[in-house]
Structures are given as C-alpha cells and as structure tokens.
Amino acid sequence: MFHPIPPPVRQRMEFLEAQDRRDRSDDMPHALRLRQIPPETGRLLALLASSAPQGALLEIGTSGGYSSLWLSLACRQSQRRLTTFELSPAKASLAAETFRLAQVEPWIELVNANALERLADYPQVAFCFLDTEKSLYQACFELVSPRLVPGGWLVADNVTSHAAELQPFIDRTLQDEHLDSTVVLIGKGLLVCRKI
C-alpha cells in the first residue's frame with residue numbers, strides 16, 4: 001500500500017502539504033485555510049481503512065483532499081471506493097482537482113453536500129473518518145455509530161488539539177458500550193472507535 005505510493009498521489013500530497021504550511025504561516029482566515037492531517041495520521045487511517053470489514057467507507061470533511069489521498073491507497077488495495085463529503089464549494093473544487101491530478105477518481109466519490117443530510121443513505125458503514133467542524137462531531141457520531149457494522153471503525157481527528165471543546169463528545173464515545181474506543185496521541189489526537 002505504501003511501497004511505493006504512486007507518483008501522482010505523492011506529488012499531490014506534497015503540493016497540499018506545502019499549501020497547508022503556507023496557510024498556517026500566513027494566518028489565513030480559518031474558513032479558507034486547508035485543514036490537513038499530518039502524514040503519520042494519514043498512514044494510520046489507511047491501515048485502519050484497509051482492515052475495515054465490508055460496508056461503506058466514508059469521510060466527513062474533505063477539505064483539499066489530502067486525507068482522502070491516504071484513504072485512496074487503502075481503497076486501491078481493497079478495490080473499494082471512498083465517499084467523502086465536503087460542504088464548502090471552494091474546497092470541494094480543490095478536492096476534485098486533487099483527485100483528478102492524483103489519478104484516484106476510480107477510488108473516490110466526492111459529494112459536495114451536507115453529510116448530515118446524506119448519512120442515512122449508508123445503512124452499513126465499515127469505516128468513517130470524521131474531520132469537520134467540531135460542533136458537528138456529536139451529530140455525525142449519533143448518525144454513524146448505529147450504522148457501523150461489527151468490526152467497523154469510526155475515527156475522529158483533533159481530539160487533543162480541541163480537547164476542551166470536544167470533551168463531551170469524547171466522553172460520550174468512551175462510555176458507549178457498543179464501541180471499544182481509545183484516544184491515540186498521533187498528530188492532533190485521534191479518537192479511534194471499533195464497533196463490538
């Protein structure tokens with residue numbers, strides 16, 4: 001899966017990594033800048049997605065498509081497709097360009113829509129990566145977690161970088177008796193949940 005990463009994917013990853021560094025150094029307005037995971041988080045996501053049981057592979061919060069590129073490696077290996085949701089038209093346009101240039105369109109379906117209005121369309125979820133507005137985490141969780149298949153994964157980003165804001169959500173998931181959950185101290189902190 002990682003040996004080697006296809007050159008078009010690697011090139012687009014490097015482009016987005018450079019864009020993310022510029023956005024952070026220029027203090028770009030929060031709504032406009034890319035929100036990207038670090039590469040080590042991407043590798044872990046790809047490993048988890050590649051081990052997911054049968055069911056839908058979802059991502060909530062595409063941004064420029066960087067995390068989707070990591071997940072596309074798992075999709076290519078398992079011959080599956082990722083459905084990724086992005087509400088912002090500007091970011092969805094950038095993600096579409098990312099997927100075209102990285103040549104991963106066979107593995108990714110980009111949906112420029114509110115995920116909360118579409119999650120009911122996926123009754124069996126094998127993997128879901130949650131990286132959207134933090135105020136939406138709880139609502140997304142309540143829609144996705146009942147749809148997780150046994151052995152399915154739900155992974156939420158930013159749980160240490162936004163710990164105060166997300167603490168009620170974190171507590172809710174850690175206490176859910178239908179999930180085995182833990183916080184993984186990688187990147188900005190991942191909450192990793194597996195359906196029992």
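The values are calculated or read from the model by the stated rules, or taken from the named source; none is laboratory data. For clarity, every value in this text was computed on a predicted model and none was experimentally measured. Please note: Cβ atoms are built from the backbone with ideal geometry, for glycine as well, and neighbour counts cover all protein chains shown.
Look through Met28, Met1 and report the one residue that is under 18 Å from the mean Cα position of the chain (by Cα) and either modelled with pLDDT under 95 or crowded, with 18+ Cβ neighbours inside 10 Å (or both). Being under 18 Å from the mean Cα position of the chain (by Cα) and either modelled with pLDDT under 95 or crowded, with 18+ Cβ neighbours inside 10 Å (or both) holds for just one of Met28, Met1, which is Met1. Please pick out the residue among Val149, Val155, Val183, Val144 that is surrounded by fewer than 19 Cβ atoms within 10 Å (Cβ to Cβ) and in contact (Cβ under 8 Å) with a residue 60 or more places away in the chain. Within the list Val149, Val155, Val183, Val144, the selection yields Val149. Across the stretch 123-136, not a single residue is classified as touching a Lys or Arg at 6+ places or on another chain (Cβ under 8 Å), in contact (Cβ under 8 Å) with a residue 24 or more places away in the chain, β-branched (Val, Ile, Thr) and surrounded by fewer than 21 Cβ atoms within 10 Å (Cβ to Cβ). Based on this model, can you work out whether Thr160 counts as among the β-branched types (Val, Ile, Thr) and closer than 22 Å to Cys75 by Cα? Taking the combined requirement at face value, the residue does not satisfy it. Selection of the stretch 78-109 for residues being in contact with a helix residue (DSSP H, G or I) (Cβ under 7 Å, 6 or more places away or on another chain), not in a strand (DSSP E or B) and not hydrophobic (A, V, I, L, M, F, W, C) yields Ser78, Arg81, Glu86, Thr98, Gln103, Glu105.
Could you list, in sequence order, the residues of the stretch 43-101 that are crowded, with 23+ Cβ neighbours inside 10 Å, of a type in the set (Ser, Thr, Tyr) and more than 22 Å from Pro4 (Cβ to Cβ)? Thr62, Ser63, Thr84, listed by residue number.
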